1. Can you name every one of the helices (runs of 4 or more DSSP H) wholly within region 254-372 that holds 3 or more residues which are buried (at least 17 other Cβ atoms within 10 Å of the Cβ)?
2. Considering only residues that are assigned to a strand (DSSP E or B) and buried (at least 17 other Cβ atoms within 10 Å of the Cβ), which ones fall in region 491-500?
3. Quick one: which of Gly421, Gly433, Gly443 is closer than 28 Å to Thr364 by Cα, touching a His at 6+ places or on another chain (Cβ under 9 Å) and not basic (Lys, Arg)?
4. Can you tell me which residues in region 458-487 are closer than 24 Å to Pro221 by Cα and part of a loop (DSSP other than H, G, I, E, B)?
5. I need the full set of residues from region 436-469 which are in contact (Cβ under 8 Å) with a residue 60 or more places away in the chain and within 23 Å of the chain's Cα centre (by Cα), in order please.
6. If we scan region 381-400, do we find a residue that is in the same structural domain as Cys299 (by TED's automatic domain parsing), in a helix (DSSP H, G or I) and closer than 20 Å to Leu301 by Cα?
7. Restricting attention to region 237-274, and to residues there that are among the aromatic types (Phe, Trp, Tyr) and modelled with pLDDT of 90 or more, which single residue is farthest from the chain's Cα centre (by Cα)?
8. Considering every residue within region 237-252, establish whether at least one is crowded, with 22+ Cβ neighbours inside 10 Å, of a type outside the set (A, V, I, L, M) and not in a loop (DSSP other than H, G, I, E, B).
Amino acid sequence: MGGTITLVEGRNVTAPSPVPEKQSLRRSWKTTIAAGAVIGAGILLPLLFLAWLIIPSDLDFISDYSPIRYGLMAIGAPGLLVFLIALIDFVVDRRRNQAGRRFPSRVTWLSAGVSIVIILAACGYVTLPKLLRRGDVPPQLIVTGNMLRPPGGEFGLSLAFWTGKPTTNTVRWRQGGSERWQEWSEAAAGNRHWFAFPGLKPNSRYEYSVNVGNATAFSTPPTPPEGPFRFAASGDLHIGATRSDDYLPKPVLDAITDPTNRYSMFFMLGDIVHLGFRDDQWKEGVRVISSLSSVIPTCYLIGNHDRLFGGVDLFRDYLCPRASDDLRQDHFWRRIDIGNIHFLLLELEWEDHYYTAAQEQWLTAQLTDIPQQDWCIVMSHTFYYCSGSEEDGWPWWDNQDTIRRLVPLFEKHKVDMVFSGHQHHAELLQTNGVTYVISGCFGDLPDPRHDHISPASTWLHLDDVYSFVEVTIDKDEAVVVFRDRNHQELHRTVITSQRVAPEISGRRRGKA
(Lines give C-alpha, C1' and ligand atoms only; values in the text may rest on other atoms or scores of the structure.)
Protein backbone atom coordinates (compact mmCIF):
# COMPACT_ATOMS: atom_id res chain seq x y z
CA MET A 1 0.00 0.00 0.00
CA GLY A 2 1.45 3.30 -1.04
CA GLY A 3 1.74 6.38 1.20
CA THR A 4 4.10 8.94 2.77
CA ILE A 5 6.67 8.36 5.56
CA THR A 6 6.52 10.67 8.57
CA LEU A 7 8.54 10.77 11.79
CA VAL A 8 6.39 10.42 14.91
CA GLU A 9 8.34 10.52 18.26
CA GLY A 10 11.31 8.84 16.74
CA ARG A 11 9.39 6.26 14.85
CA ASN A 12 8.83 5.97 11.14
CA VAL A 13 5.09 5.73 10.31
CA THR A 14 3.71 5.19 6.90
CA ALA A 15 0.46 7.19 6.43
CA PRO A 16 -2.22 5.64 4.20
CA SER A 17 -3.03 7.28 0.93
CA PRO A 18 -6.21 9.45 1.01
CA VAL A 19 -9.42 7.72 -0.25
CA PRO A 20 -10.60 9.28 -3.49
CA GLU A 21 -13.82 11.25 -3.10
CA LYS A 22 -16.87 9.33 -4.39
CA GLN A 23 -17.85 10.68 -7.71
CA SER A 24 -21.25 12.43 -7.68
CA LEU A 25 -23.52 11.14 -10.40
CA ARG A 26 -24.66 14.49 -11.69
CA ARG A 27 -27.51 14.51 -14.15
CA SER A 28 -27.34 16.38 -17.39
CA TRP A 29 -30.37 18.33 -18.58
CA LYS A 30 -31.19 15.44 -20.93
CA THR A 31 -31.16 12.95 -18.08
CA THR A 32 -33.28 15.27 -15.98
CA ILE A 33 -35.90 15.59 -18.72
CA ALA A 34 -35.92 11.83 -19.34
CA ALA A 35 -36.23 11.05 -15.63
CA GLY A 36 -39.02 13.57 -15.17
CA ALA A 37 -40.90 12.24 -18.18
CA VAL A 38 -40.71 8.59 -17.14
CA ILE A 39 -41.57 9.14 -13.49
CA GLY A 40 -44.25 11.68 -14.35
CA ALA A 41 -45.81 9.28 -16.84
CA GLY A 42 -45.59 6.43 -14.35
CA ILE A 43 -47.50 8.48 -11.79
CA LEU A 44 -49.93 10.35 -14.04
CA LEU A 45 -50.91 7.66 -16.57
CA PRO A 46 -52.70 5.42 -14.05
CA LEU A 47 -54.47 8.42 -12.56
CA LEU A 48 -55.55 9.61 -16.00
CA PHE A 49 -56.60 6.05 -16.80
CA LEU A 50 -58.84 5.98 -13.74
CA ALA A 51 -60.27 9.37 -14.64
CA TRP A 52 -60.99 8.09 -18.16
CA LEU A 53 -62.97 5.24 -16.64
CA ILE A 54 -65.08 7.50 -14.48
CA ILE A 55 -65.76 10.56 -16.61
CA PRO A 56 -67.04 9.31 -20.04
CA SER A 57 -70.78 8.60 -20.08
CA ASP A 58 -70.19 5.48 -22.17
CA LEU A 59 -68.63 3.84 -19.11
CA ASP A 60 -71.06 4.87 -16.40
CA PHE A 61 -72.26 1.33 -16.02
CA ILE A 62 -68.95 -0.13 -14.79
CA SER A 63 -70.18 -0.13 -11.20
CA ASP A 64 -72.79 -2.61 -12.44
CA TYR A 65 -70.27 -5.11 -13.80
CA SER A 66 -67.92 -6.56 -11.17
CA PRO A 67 -65.18 -8.09 -13.37
CA ILE A 68 -64.64 -4.80 -15.21
CA ARG A 69 -64.85 -2.71 -12.06
CA TYR A 70 -62.36 -4.73 -10.05
CA GLY A 71 -60.07 -5.28 -13.02
CA LEU A 72 -59.81 -1.58 -13.73
CA MET A 73 -59.23 -0.79 -10.08
CA ALA A 74 -56.33 -3.26 -10.11
CA ILE A 75 -54.87 -1.68 -13.22
CA GLY A 76 -55.10 1.83 -11.82
CA ALA A 77 -53.49 0.88 -8.50
CA PRO A 78 -49.88 1.03 -9.85
CA GLY A 79 -50.28 4.79 -10.11
CA LEU A 80 -50.58 5.14 -6.35
CA LEU A 81 -47.88 2.52 -5.81
CA VAL A 82 -45.38 4.37 -8.01
CA PHE A 83 -46.16 7.66 -6.30
CA LEU A 84 -45.53 6.17 -2.86
CA ILE A 85 -42.30 4.47 -3.95
CA ALA A 86 -40.94 7.66 -5.48
CA LEU A 87 -41.89 9.69 -2.41
CA ILE A 88 -40.32 7.25 0.06
CA ASP A 89 -37.18 6.97 -2.06
CA PHE A 90 -36.81 10.74 -2.13
CA VAL A 91 -37.32 11.17 1.64
CA VAL A 92 -34.89 8.36 2.54
CA ASP A 93 -32.27 9.75 0.18
CA ARG A 94 -32.51 13.22 1.68
CA ARG A 95 -32.25 11.98 5.24
CA ARG A 96 -29.14 9.93 4.54
CA ASN A 97 -27.67 12.92 2.75
CA GLN A 98 -26.11 10.68 0.15
CA ALA A 99 -25.28 13.37 -2.32
CA GLY A 100 -23.64 10.94 -4.69
CA ARG A 101 -26.44 8.43 -4.72
CA ARG A 102 -28.05 7.90 -8.09
CA PHE A 103 -31.44 9.62 -8.20
CA PRO A 104 -33.98 8.60 -9.24
CA SER A 105 -33.07 5.17 -7.90
CA ARG A 106 -33.40 2.02 -9.94
CA VAL A 107 -36.43 1.07 -7.86
CA THR A 108 -38.24 4.23 -8.89
CA TRP A 109 -37.26 3.83 -12.53
CA LEU A 110 -38.44 0.21 -12.54
CA SER A 111 -41.74 0.99 -10.82
CA ALA A 112 -42.50 3.82 -13.22
CA GLY A 113 -41.63 1.65 -16.20
CA VAL A 114 -43.84 -1.21 -15.03
CA SER A 115 -46.70 1.20 -14.41
CA ILE A 116 -46.41 2.62 -17.92
CA VAL A 117 -46.31 -0.85 -19.50
CA ILE A 118 -49.38 -1.99 -17.55
CA ILE A 119 -51.45 1.03 -18.51
CA LEU A 120 -50.40 0.89 -22.17
CA ALA A 121 -51.27 -2.83 -22.23
CA ALA A 122 -54.69 -2.10 -20.69
CA CYS A 123 -55.38 0.66 -23.22
CA GLY A 124 -54.24 -1.62 -26.01
CA TYR A 125 -56.56 -4.37 -24.78
CA VAL A 126 -59.63 -2.14 -25.07
CA THR A 127 -58.49 -0.19 -28.15
CA LEU A 128 -56.80 -2.55 -30.58
CA PRO A 129 -59.70 -5.06 -30.88
CA LYS A 130 -61.89 -2.18 -32.05
CA LEU A 131 -59.34 -1.00 -34.62
CA LEU A 132 -58.32 -4.37 -36.09
CA ARG A 133 -61.55 -4.98 -37.97
CA ARG A 134 -60.89 -8.04 -40.08
CA GLY A 135 -63.42 -10.27 -41.78
CA ASP A 136 -66.84 -9.84 -43.31
CA VAL A 137 -70.31 -9.52 -41.82
CA PRO A 138 -73.19 -11.21 -43.71
CA PRO A 139 -76.17 -9.20 -44.99
CA GLN A 140 -79.09 -8.46 -42.71
CA LEU A 141 -82.36 -6.54 -42.97
CA ILE A 142 -82.41 -3.49 -40.67
CA VAL A 143 -85.58 -1.51 -40.01
CA THR A 144 -84.76 2.13 -40.67
CA GLY A 145 -87.50 4.18 -39.06
CA ASN A 146 -91.06 5.46 -39.44
CA MET A 147 -92.99 3.34 -41.88
CA LEU A 148 -96.37 2.04 -43.01
CA ARG A 149 -98.26 5.05 -41.78
CA PRO A 150 -101.37 5.24 -43.93
CA PRO A 151 -102.23 6.56 -46.34
CA GLY A 152 -99.57 5.48 -48.80
CA GLY A 153 -97.03 4.28 -46.25
CA GLU A 154 -93.87 2.44 -47.28
CA PHE A 155 -91.86 -0.12 -45.38
CA GLY A 156 -88.51 1.45 -44.39
CA LEU A 157 -85.93 -1.29 -44.69
CA SER A 158 -82.19 -1.36 -45.42
CA LEU A 159 -79.86 -4.17 -46.39
CA ALA A 160 -76.63 -3.89 -44.39
CA PHE A 161 -73.35 -5.79 -44.56
CA TRP A 162 -69.63 -5.24 -43.93
CA THR A 163 -66.56 -6.32 -45.87
CA GLY A 164 -63.10 -6.62 -44.35
CA LYS A 165 -61.57 -5.00 -47.42
CA PRO A 166 -63.06 -2.03 -49.31
CA THR A 167 -65.29 -3.33 -52.10
CA THR A 168 -67.98 -2.15 -54.49
CA ASN A 169 -71.12 -4.26 -54.61
CA THR A 170 -74.33 -4.66 -56.56
CA VAL A 171 -77.68 -5.39 -54.92
CA ARG A 172 -80.61 -6.81 -56.91
CA TRP A 173 -84.19 -7.07 -55.68
CA ARG A 174 -87.66 -7.83 -57.01
CA GLN A 175 -91.18 -8.38 -55.75
CA GLY A 176 -92.34 -11.98 -55.56
CA GLY A 177 -93.81 -13.20 -58.84
CA SER A 178 -91.94 -10.64 -60.91
CA GLU A 179 -89.32 -11.75 -63.43
CA ARG A 180 -87.63 -8.36 -63.67
CA TRP A 181 -84.85 -7.53 -61.22
CA GLN A 182 -84.10 -3.99 -60.13
CA GLU A 183 -80.44 -3.24 -59.57
CA TRP A 184 -78.31 -0.80 -57.60
CA SER A 185 -74.50 -0.55 -57.62
CA GLU A 186 -72.20 1.34 -55.26
CA ALA A 187 -70.28 4.26 -56.73
CA ALA A 188 -67.17 3.89 -54.55
CA ALA A 189 -65.43 1.13 -52.64
CA GLY A 190 -65.92 0.92 -48.88
CA ASN A 191 -66.23 -1.41 -45.91
CA ARG A 192 -69.68 -0.40 -44.73
CA HIS A 193 -72.49 -1.15 -47.17
CA TRP A 194 -76.08 0.04 -46.70
CA PHE A 195 -78.82 -0.16 -49.29
CA ALA A 196 -82.30 1.26 -48.60
CA PHE A 197 -85.01 -0.64 -50.47
CA PRO A 198 -87.31 1.90 -52.13
CA GLY A 199 -91.07 1.62 -52.36
CA LEU A 200 -91.66 -1.65 -50.52
CA LYS A 201 -95.35 -2.48 -50.25
CA PRO A 202 -96.95 -3.87 -47.07
CA ASN A 203 -97.74 -7.55 -46.72
CA SER A 204 -95.70 -8.44 -49.81
CA ARG A 205 -93.03 -11.01 -50.66
CA TYR A 206 -89.64 -9.87 -52.02
CA GLU A 207 -86.29 -11.34 -53.01
CA TYR A 208 -82.78 -9.85 -52.94
CA SER A 209 -79.27 -10.94 -53.82
CA VAL A 210 -75.78 -9.44 -53.46
CA ASN A 211 -73.39 -9.58 -56.42
CA VAL A 212 -75.65 -12.00 -58.31
CA GLY A 213 -75.47 -14.52 -55.47
CA ASN A 214 -78.26 -16.77 -54.27
CA ALA A 215 -81.58 -15.01 -53.83
CA THR A 216 -82.96 -14.55 -50.30
CA ALA A 217 -86.69 -14.07 -49.74
CA PHE A 218 -88.37 -11.88 -47.12
CA SER A 219 -91.82 -10.44 -46.44
CA THR A 220 -92.96 -6.99 -45.40
CA PRO A 221 -95.45 -6.81 -42.53
CA PRO A 222 -99.16 -6.18 -43.00
CA THR A 223 -100.63 -2.81 -42.15
CA PRO A 224 -102.78 -3.11 -39.02
CA PRO A 225 -105.62 -2.96 -38.37
CA GLU A 226 -106.35 -4.52 -41.79
CA GLY A 227 -104.65 -7.74 -40.65
CA PRO A 228 -102.94 -9.26 -37.61
CA PHE A 229 -99.34 -8.29 -36.92
CA ARG A 230 -96.92 -10.67 -35.17
CA PHE A 231 -93.44 -9.87 -33.86
CA ALA A 232 -90.87 -11.53 -31.60
CA ALA A 233 -88.57 -9.93 -29.03
CA SER A 234 -85.73 -10.97 -26.79
CA GLY A 235 -82.40 -9.68 -25.53
CA ASP A 236 -79.05 -10.40 -23.94
CA LEU A 237 -77.39 -12.58 -26.53
CA HIS A 238 -74.02 -11.77 -24.89
CA ILE A 239 -71.77 -13.21 -27.57
CA GLY A 240 -68.36 -13.81 -25.96
CA ALA A 241 -69.62 -14.24 -22.37
CA THR A 242 -68.94 -17.98 -22.38
CA ARG A 243 -66.94 -20.40 -24.47
CA SER A 244 -70.10 -22.18 -25.54
CA ASP A 245 -71.33 -21.56 -29.06
CA ASP A 246 -74.87 -22.54 -28.07
CA TYR A 247 -76.06 -18.94 -27.99
CA LEU A 248 -79.11 -19.26 -30.16
CA PRO A 249 -80.53 -22.79 -30.27
CA LYS A 250 -81.27 -23.81 -33.83
CA PRO A 251 -84.97 -24.58 -33.15
CA VAL A 252 -85.50 -20.96 -32.08
CA LEU A 253 -83.89 -19.59 -35.24
CA ASP A 254 -85.77 -22.05 -37.41
CA ALA A 255 -89.09 -21.22 -35.75
CA ILE A 256 -88.74 -17.45 -36.05
CA THR A 257 -87.59 -17.62 -39.67
CA ASP A 258 -90.23 -20.16 -40.68
CA PRO A 259 -92.72 -18.24 -42.88
CA THR A 260 -95.61 -20.34 -41.57
CA ASN A 261 -95.14 -18.83 -38.11
CA ARG A 262 -95.75 -15.35 -39.60
CA TYR A 263 -93.21 -13.29 -37.66
CA SER A 264 -93.14 -9.91 -39.38
CA MET A 265 -90.37 -8.32 -37.26
CA PHE A 266 -87.83 -9.17 -34.60
CA PHE A 267 -86.62 -6.82 -31.84
CA MET A 268 -83.22 -7.46 -30.23
CA LEU A 269 -83.37 -5.64 -26.89
CA GLY A 270 -79.65 -5.03 -26.35
CA ASP A 271 -76.46 -6.70 -25.13
CA ILE A 272 -75.78 -8.41 -28.42
CA VAL A 273 -72.15 -8.82 -27.33
CA HIS A 274 -70.49 -9.16 -23.93
CA LEU A 275 -67.58 -6.75 -24.53
CA GLY A 276 -68.61 -3.91 -26.79
CA PHE A 277 -65.03 -2.96 -27.75
CA ARG A 278 -64.34 -6.41 -29.22
CA ASP A 279 -64.94 -6.28 -32.96
CA ASP A 280 -64.58 -10.05 -33.19
CA GLN A 281 -67.55 -10.46 -30.84
CA TRP A 282 -69.65 -8.08 -32.92
CA LYS A 283 -68.88 -9.98 -36.08
CA GLU A 284 -69.62 -13.29 -34.41
CA GLY A 285 -72.86 -11.91 -32.99
CA VAL A 286 -74.08 -10.71 -36.37
CA ARG A 287 -73.10 -14.03 -37.96
CA VAL A 288 -74.98 -15.99 -35.30
CA ILE A 289 -78.17 -14.00 -35.71
CA SER A 290 -77.91 -13.46 -39.49
CA SER A 291 -79.94 -16.57 -40.34
CA LEU A 292 -82.81 -14.67 -38.70
CA SER A 293 -81.97 -11.06 -39.53
CA SER A 294 -81.31 -11.82 -43.21
CA VAL A 295 -84.95 -12.86 -43.74
CA ILE A 296 -86.86 -11.10 -40.92
CA PRO A 297 -86.78 -7.28 -40.65
CA THR A 298 -84.87 -6.63 -37.41
CA CYS A 299 -84.61 -3.72 -34.95
CA TYR A 300 -81.66 -3.45 -32.56
CA LEU A 301 -81.56 -1.58 -29.26
CA ILE A 302 -78.21 -0.85 -27.63
CA GLY A 303 -77.37 -2.44 -24.26
CA ASN A 304 -74.91 -1.54 -21.52
CA HIS A 305 -72.45 -4.25 -22.60
CA ASP A 306 -72.69 -3.09 -26.21
CA ARG A 307 -71.44 0.39 -25.23
CA LEU A 308 -68.41 -0.80 -23.28
CA PHE A 309 -65.20 1.13 -24.12
CA GLY A 310 -66.41 2.78 -27.30
CA GLY A 311 -68.45 -0.16 -28.56
CA VAL A 312 -71.05 2.40 -29.54
CA ASP A 313 -69.05 3.05 -32.73
CA LEU A 314 -69.23 -0.61 -33.73
CA PHE A 315 -72.95 -0.66 -32.93
CA ARG A 316 -73.43 2.29 -35.25
CA ASP A 317 -71.42 0.79 -38.10
CA TYR A 318 -73.06 -2.62 -38.06
CA LEU A 319 -76.61 -1.99 -36.82
CA CYS A 320 -77.61 1.67 -37.29
CA PRO A 321 -79.29 2.62 -40.55
CA ARG A 322 -77.36 5.13 -42.59
CA ALA A 323 -80.62 6.71 -43.67
CA SER A 324 -81.18 8.01 -40.15
CA ASP A 325 -78.39 10.54 -39.75
CA ASP A 326 -79.76 11.90 -36.48
CA LEU A 327 -79.82 8.37 -35.08
CA ARG A 328 -76.16 7.84 -35.95
CA GLN A 329 -74.92 11.18 -34.74
CA ASP A 330 -76.80 12.04 -31.59
CA HIS A 331 -78.89 9.32 -29.98
CA PHE A 332 -80.43 5.89 -30.27
CA TRP A 333 -84.09 6.56 -29.53
CA ARG A 334 -86.60 6.44 -32.34
CA ARG A 335 -90.18 5.72 -33.31
CA ILE A 336 -91.49 3.05 -35.68
CA ASP A 337 -95.08 3.11 -36.90
CA ILE A 338 -96.84 0.16 -38.49
CA GLY A 339 -100.41 1.14 -39.15
CA ASN A 340 -102.10 1.70 -35.79
CA ILE A 341 -99.20 0.13 -33.85
CA HIS A 342 -96.51 2.51 -32.62
CA PHE A 343 -93.15 1.40 -31.21
CA LEU A 344 -91.08 3.81 -29.13
CA LEU A 345 -87.49 2.53 -28.83
CA LEU A 346 -85.64 4.19 -25.94
CA GLU A 347 -81.96 4.57 -25.12
CA LEU A 348 -81.89 3.16 -21.60
CA GLU A 349 -79.00 0.77 -21.14
CA TRP A 350 -78.61 0.83 -17.36
CA GLU A 351 -80.90 2.59 -14.90
CA ASP A 352 -81.77 6.10 -16.16
CA HIS A 353 -78.19 7.20 -17.00
CA TYR A 354 -78.98 7.98 -20.64
CA TYR A 355 -82.46 9.32 -20.07
CA THR A 356 -81.55 12.91 -20.88
CA ALA A 357 -83.80 15.93 -20.87
CA ALA A 358 -83.82 15.79 -24.68
CA GLN A 359 -84.97 12.17 -24.69
CA GLU A 360 -87.63 12.90 -22.09
CA GLN A 361 -88.92 15.81 -24.19
CA TRP A 362 -88.96 13.60 -27.29
CA LEU A 363 -90.77 10.76 -25.50
CA THR A 364 -93.41 13.11 -24.11
CA ALA A 365 -94.00 14.59 -27.56
CA GLN A 366 -94.36 11.13 -29.15
CA LEU A 367 -96.76 9.87 -26.48
CA THR A 368 -98.86 12.99 -26.94
CA ASP A 369 -98.83 12.62 -30.74
CA ILE A 370 -99.92 8.96 -30.89
CA PRO A 371 -103.69 8.72 -31.43
CA GLN A 372 -105.60 7.58 -28.34
CA GLN A 373 -107.19 4.64 -30.18
CA ASP A 374 -103.85 3.21 -31.41
CA TRP A 375 -101.50 0.71 -29.81
CA CYS A 376 -98.50 2.17 -28.00
CA ILE A 377 -95.54 -0.10 -27.19
CA VAL A 378 -92.31 1.03 -25.47
CA MET A 379 -89.04 -0.91 -25.67
CA SER A 380 -85.72 -0.44 -23.89
CA HIS A 381 -82.81 -2.53 -22.70
CA THR A 382 -83.12 -1.81 -18.98
CA PHE A 383 -86.20 -2.70 -16.96
CA TYR A 384 -88.77 -0.93 -14.78
CA TYR A 385 -90.85 -3.34 -12.72
CA CYS A 386 -89.06 -6.66 -12.36
CA SER A 387 -88.23 -9.45 -9.91
CA GLY A 388 -84.60 -10.08 -9.04
CA SER A 389 -81.94 -10.43 -6.37
CA GLU A 390 -79.13 -8.42 -4.82
CA GLU A 391 -75.80 -8.44 -6.63
CA ASP A 392 -72.72 -6.59 -5.33
CA GLY A 393 -74.94 -4.59 -3.02
CA TRP A 394 -77.21 -3.51 -5.85
CA PRO A 395 -80.96 -4.38 -5.75
CA TRP A 396 -81.69 -5.95 -9.15
CA TRP A 397 -85.46 -5.73 -8.99
CA ASP A 398 -88.06 -2.94 -9.33
CA ASN A 399 -85.80 -0.17 -10.64
CA GLN A 400 -86.75 2.88 -8.61
CA ASP A 401 -84.97 5.33 -10.91
CA THR A 402 -86.75 4.28 -14.12
CA ILE A 403 -90.03 3.83 -12.25
CA ARG A 404 -89.81 7.35 -10.85
CA ARG A 405 -88.87 9.06 -14.12
CA LEU A 406 -90.73 7.10 -16.81
CA VAL A 407 -93.61 5.11 -15.36
CA PRO A 408 -95.75 8.23 -14.68
CA LEU A 409 -95.54 9.03 -18.41
CA PHE A 410 -96.49 5.47 -19.33
CA GLU A 411 -99.53 5.58 -17.07
CA LYS A 412 -100.59 9.10 -18.03
CA HIS A 413 -100.57 8.32 -21.76
CA LYS A 414 -101.91 4.77 -21.35
CA VAL A 415 -98.99 2.87 -22.84
CA ASP A 416 -100.14 -0.68 -23.54
CA MET A 417 -96.93 -2.72 -23.20
CA VAL A 418 -93.33 -2.07 -22.12
CA PHE A 419 -90.63 -4.57 -23.20
CA SER A 420 -87.22 -4.86 -21.55
CA GLY A 421 -84.15 -7.09 -21.37
CA HIS A 422 -81.18 -6.65 -19.00
CA GLN A 423 -82.51 -9.29 -16.61
CA HIS A 424 -81.87 -12.87 -17.76
CA HIS A 425 -85.29 -14.39 -17.19
CA ALA A 426 -88.83 -14.24 -18.56
CA GLU A 427 -91.54 -12.43 -16.62
CA LEU A 428 -94.92 -10.77 -17.05
CA LEU A 429 -95.88 -7.87 -14.79
CA GLN A 430 -98.95 -5.64 -14.72
CA THR A 431 -99.73 -2.51 -12.72
CA ASN A 432 -102.01 0.52 -13.21
CA GLY A 433 -103.12 -0.66 -16.65
CA VAL A 434 -99.61 -1.08 -18.12
CA THR A 435 -98.16 -4.52 -18.97
CA TYR A 436 -94.40 -4.97 -18.48
CA VAL A 437 -92.61 -7.80 -20.27
CA ILE A 438 -89.12 -9.10 -19.39
CA SER A 439 -88.44 -10.81 -22.68
CA GLY A 440 -86.20 -13.67 -21.58
CA CYS A 441 -82.58 -14.59 -22.10
CA PHE A 442 -81.73 -15.12 -25.76
CA GLY A 443 -78.17 -16.34 -25.31
CA ASP A 444 -76.33 -15.77 -22.03
CA LEU A 445 -76.81 -17.89 -18.92
CA PRO A 446 -80.25 -17.41 -17.34
CA ASP A 447 -80.56 -15.94 -13.84
CA PRO A 448 -80.17 -18.74 -11.26
CA ARG A 449 -82.42 -17.36 -8.53
CA HIS A 450 -84.54 -14.44 -7.35
CA ASP A 451 -84.77 -13.31 -3.74
CA HIS A 452 -87.30 -10.55 -4.40
CA ILE A 453 -90.56 -11.02 -6.30
CA SER A 454 -92.06 -7.79 -7.59
CA PRO A 455 -95.60 -7.03 -6.35
CA ALA A 456 -96.47 -6.37 -10.01
CA SER A 457 -95.42 -9.86 -11.14
CA THR A 458 -98.14 -12.11 -12.55
CA TRP A 459 -95.87 -14.84 -14.04
CA LEU A 460 -92.17 -15.62 -13.63
CA HIS A 461 -90.00 -18.24 -15.34
CA LEU A 462 -86.63 -19.11 -13.81
CA ASP A 463 -85.79 -22.54 -15.20
CA ASP A 464 -82.46 -23.03 -16.96
CA VAL A 465 -83.84 -22.45 -20.43
CA TYR A 466 -83.47 -19.71 -23.02
CA SER A 467 -86.66 -17.96 -24.04
CA PHE A 468 -88.21 -15.18 -26.08
CA VAL A 469 -91.61 -13.55 -26.35
CA GLU A 470 -94.08 -13.60 -29.25
CA VAL A 471 -96.83 -10.99 -29.64
CA THR A 472 -99.75 -11.12 -32.06
CA ILE A 473 -101.83 -7.94 -32.29
CA ASP A 474 -105.23 -8.12 -33.97
CA LYS A 475 -107.42 -5.06 -33.72
CA ASP A 476 -107.80 -4.26 -29.97
CA GLU A 477 -106.31 -7.48 -28.58
CA ALA A 478 -102.72 -8.68 -28.17
CA VAL A 479 -101.84 -12.30 -27.47
CA VAL A 480 -98.52 -12.49 -25.60
CA VAL A 481 -96.79 -15.90 -25.66
CA PHE A 482 -93.49 -16.78 -23.95
CA ARG A 483 -91.62 -19.58 -25.73
CA ASP A 484 -88.62 -21.71 -24.78
CA ARG A 485 -85.56 -22.77 -26.79
CA ASN A 486 -87.60 -25.44 -28.58
CA HIS A 487 -90.36 -22.97 -29.47
CA GLN A 488 -92.65 -24.61 -26.93
CA GLU A 489 -95.17 -22.40 -25.17
CA LEU A 490 -94.34 -21.47 -21.59
CA HIS A 491 -97.09 -18.97 -20.82
CA ARG A 492 -99.88 -17.15 -22.65
CA THR A 493 -101.97 -14.10 -21.82
CA VAL A 494 -104.36 -11.82 -23.70
CA ILE A 495 -104.09 -8.06 -23.29
CA THR A 496 -106.76 -5.59 -24.32
CA SER A 497 -105.55 -2.18 -25.36
CA GLN A 498 -106.46 0.43 -22.76
CA ARG A 499 -106.38 3.07 -25.49
CA VAL A 500 -109.40 1.78 -27.47
CA ALA A 501 -112.85 3.32 -27.32
CA PRO A 502 -114.49 2.88 -23.86
CA GLU A 503 -117.39 0.75 -25.13
CA ILE A 504 -115.02 -1.68 -26.87
CA SER A 505 -112.65 -1.77 -23.90
CA GLY A 506 -115.49 -2.60 -21.50
CA ARG A 507 -116.72 -5.40 -23.74
CA ARG A 508 -113.24 -7.02 -24.15
CA ARG A 509 -111.57 -6.41 -20.79
CA GLY A 510 -112.67 -9.73 -19.31
CA LYS A 511 -110.35 -11.67 -21.63
CA ALA A 512 -107.14 -10.10 -20.27
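The values are calculated or read from the model by the stated rules, or taken from the named source; none is laboratory data. Predicted model only: the values in this text are computed from it and were never measured. FYI the Cβ positions are ideal-geometry reconstructions off the backbone, even for glycines, and counts take in every protein chain you see.
1. The helices (runs of 4 or more DSSP H) meeting that bar are 279-293, 304-307, 311-319, 357-369.
2. Correct list: His491, Thr493, Ile495, Thr496.
3. It is Gly421.
4. If the condition is that a residue be closer than 24 Å to Pro221 by Cα and part of a loop (DSSP other than H, G, I, E, B), then Lys475, Asp476, His487 are the ones that fit.
5. Val437, Ser439, Gly440, Cys441, Phe442, Gly443, Asp444, Leu445, Tyr466, Ser467, Phe468, Val469
6. Looking through region 381-400, none of the residues is in the same structural domain as Cys299 (by TED's automatic domain parsing), in a helix (DSSP H, G or I) and closer than 20 Å to Leu301 by Cα.
7. Here the residue is Tyr263.
8. no
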